[in-house]
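Where a number appears in this text, it was derived from the coordinates with a stated rule and is not lab data. What you see is a predicted model; the values in this text were computed from it and never measured. Because the Cβ atoms are built from the backbone with ideal geometry, glycine has one as well, and the counts that use them run over all protein chains shown.
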Amino acid sequence: MGFEYVKELPSPQVVKELLPVSEELANMKLVRDAEIADIITGKSNKFLAIVGPCSADHEDPVCDYACRLATVQEKIKDKVLIVPRVYTNKPRTTGEGYKGMLHQPDPEKKPDMLAGIMAIRKMHIRVMNETHLTPADEMLYPENYEFLSDILSYVAVGARSVEDQQHRLTVSGMDVPAGMKNPTSGDYTVMLNSVVAAQHAHSFIYRGWEVKTDGNPLTHTILRGATNKHGQNIPNYHYEDLVRLFEMYSQKNLRNMATIVDSNHSNSNKQYAEQIRIVKEVLESRKHSVDVHNLVKGVMIESYIEPGNQKIDEHIYGKSITDPCLGWEDTEKLLYYIAENC
């Protein structure tokens, strides 16, 4: 019973000094942040594609994958802005299983948080250096955001975290777009309330400090499907779902009406190949309604080099060790389709 204090971790400031972001990358991030913000606010008509592995499990294949994205980005930059998913925390419903590189920089060894913090920062910076793209990550632990605050251009708050006060208030202090997923129940009201909270100013305790925030006007929603009381998955990417979200958004006093559609998770019933069909349907819905077109700013796609998933000890290069992902060949085709139809 109780806590065993294993080791005291360095502050984000110390970690940033040990693994600094160059001036060139910092300036690149400012440009990218502004481009993404313009999409969320409607100043830009470009479409967001937030795409990458379910979990960023090994540095080399993750960077290899991101470099492939960069090649495609150059070809579709007039229509689509790609944000690589470099997700280093893996929420576990039961608490069991691989929890991401933050916990285990080597998935086959014991957890090591200090090594994990250094490993994820190093990997994120390498992605930036090699691709000139700035990444997205999920904020599973609000206190850890500061370790990557000078790197991330997009932050997602998951379905099991979106009702948590500390997550909402931490987002209110961010200066980059943050997507709040609908909870596993699918309740739009909960999701929209989280956006209201994060868009407003707050005073609270954060990393041992009393802090104040101004609110984050770039906070928006993410539709990821739901689970009913029988444990069955229910999608919420259909046209009627998007219209309903628009109507509920319109009743709120919110800045920047925007949503991203997550094409996997409960929307696909974790059938990864269905993401292709789902993305195409979302694009058709945008063509059918001006309101839906203006609401839906992008999609999330879980994708890696090899399709599907594997056990941790199988060691297939670029294949997910958590949820199954779309393979690179299909992903590349889908990104070009998005550019032609968004």
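Side notes on the structure shown:
- Filtered residue count, segment 95-147, keeping only those that are aliphatic (A, V, I, L, M), part of a loop (DSSP other than H, G, I, E, B) and in contact (Cβ under 8 Å) with a residue 60 or more places away in the chain: 1
- Within segment 145-171, tally of residues that are of a type in the set (S, T, N, Q), closer than 21 Å to LYS29 by Cα and surrounded by fewer than 22 Cβ atoms within 10 Å (Cβ to Cβ): 1
- Selection within segment 295-331 - crowded, with 21+ Cβ neighbours inside 10 Å and aromatic (Phe, Trp, Tyr): TYR304
- Residues in segment 149-180 that are part of a loop (DSSP other than H, G, I, E, B) and touching a residue at least 60 places away in the same chain (Cβ under 8 Å): SER149, ASP150, ILE151, SER153, GLY158, ALA159, ARG160, SER161, ASP175, VAL176, PRO177.
- Scanning segment 237-290 for residues that are out of contact with any Phe, Trp or Tyr (no Cβ under 8 Å at 6 or more places or on another chain), small (Gly, Ala, Ser) and in a helix (DSSP H, G or I) yields SER250, SER266.
- Given (1) of a type in the set (Asp, Glu); (2) in contact with a strand residue (DSSP E or B) (Cβ under 8 Å, 6 or more places away or on another chain); (3) within 22 Å of MET118 (Cα to Cα), index of the condition GLU24 fails: (2)
- Any chance ARG160 is among the basic types (Lys, Arg) and closer than 18 Å to ASN256 by Cβ: no
- For first residues located in segment 237-260 and under 16 Å from LEU48 (Cβ atoms), partners that are among the polar types (S, T, N, Q) and assigned to a helix (DSSP H, G or I) and lie 6+ apart or on another chain with Cβ distances below 7 Å form the pairs TYR237/ASN267; LEU242/SER285; ASN256/THR41.
- Considered as a group, the residues in segment 306-336 that are part of a helix (DSSP H, G or I) and without any contact (Cβ under 8 Å) to a residue 60 or more places away in the chain include one that is nearest to PHE47 (Cα to Cα), and that residue is LEU334.
- Of residues in segment 260-294 being of a type in the set (Gly, Ala, Ser) and surrounded by 16 or more Cβ atoms within 10 Å (Cβ to Cβ), the one farthest from the chain's Cα centre (by Cα): SER285
- Identity of the residue in segment 38-83, crowded, with 23+ Cβ neighbours inside 10 Å and small (Gly, Ala, Ser), that ends up farthest from the chain's Cα centre (by Cα): ALA66
- Top-ranked residue in segment 108-139 [being closer than 20 Å to LYS319 by Cα and touching a His at 6+ places or on another chain (Cβ under 8 Å); ranked as surrounded by the most Cβ atoms within 10 Å (Cβ to Cβ)]: PRO135
- The one condition in (1) among the polar types (S, T, N, Q); (2) more than 20 Å from the chain's Cα centre (by Cα); (3) assigned to a strand (DSSP E or B) that THR221 fails to fulfil: (2)
- Residue check for ALA56: within 24 Å of LEU140 (Cα to Cα), in contact (Cβ under 8 Å) with a residue 40 or more places away in the chain and either β-branched (Val, Ile, Thr) or assigned to a helix (DSSP H, G or I) (or both): no
- Residues in segment 220-236 that are farther than 24 Å from GLN199 by Cα and either of a type in the set (Ser, Thr, Tyr) or surrounded by fewer than 20 Cβ atoms within 10 Å (Cβ to Cβ) (or both): THR227, ASN228, LYS229, HIS230, GLY231, GLN232, ASN233, ILE234.
- Every residue from segment 84-107 that is crowded, with 21+ Cβ neighbours inside 10 Å and of a type in the set (Gly, Ala, Ser): GLY100
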